[in-house]
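Trainee: One structure coming up, written as structure tokens, with questions to follow.
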């Protein structure tokens, strides 16, 4: 997701140039956008639960992996929310937590 966060930041910068620094127009444009982020399922399904392809499950306990993911997600969402909230864009969070413990 780091790449997606960086791409979103680059897109905002490109739009800023497109709007020639007119922050009011940029904010108006971005305020009509809906930002969606789906996180976590691939991290578990494609990394943790596929030991033949990834070493994640031997590198982390389930709790340690969840903690590492939460730290990454927290940082990534902080960057996104800063970009989003600076432009009055709506951000809806829908969380689903599945307990593997």
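Read-outs: derived from the displayed coordinates by stated rules, not from any lab. Computed from a predicted structure; not experimentally measured. Heads up, the Cβs are rebuilt from the backbone with ideal geometry, glycines too, and the neighbour counts pull from every protein chain shown.
Trainee: If I model a spin label at residue 2 and residue 73 as a point 7 Å from the Cα along the Cα→Cβ vector, what separation in nanometres do I get?
Mentor: In this crude spin-label approximation the distance works out to 1.9 nm.
Trainee: Continuing with the same structure: Multiply the residue gap between residue 28 and residue 46 by 0.36 nm, knock off their C-alpha separation, and tell me the result in nm, one decimal place.
Mentor: Net length gain for the segment: 2.6 nm.
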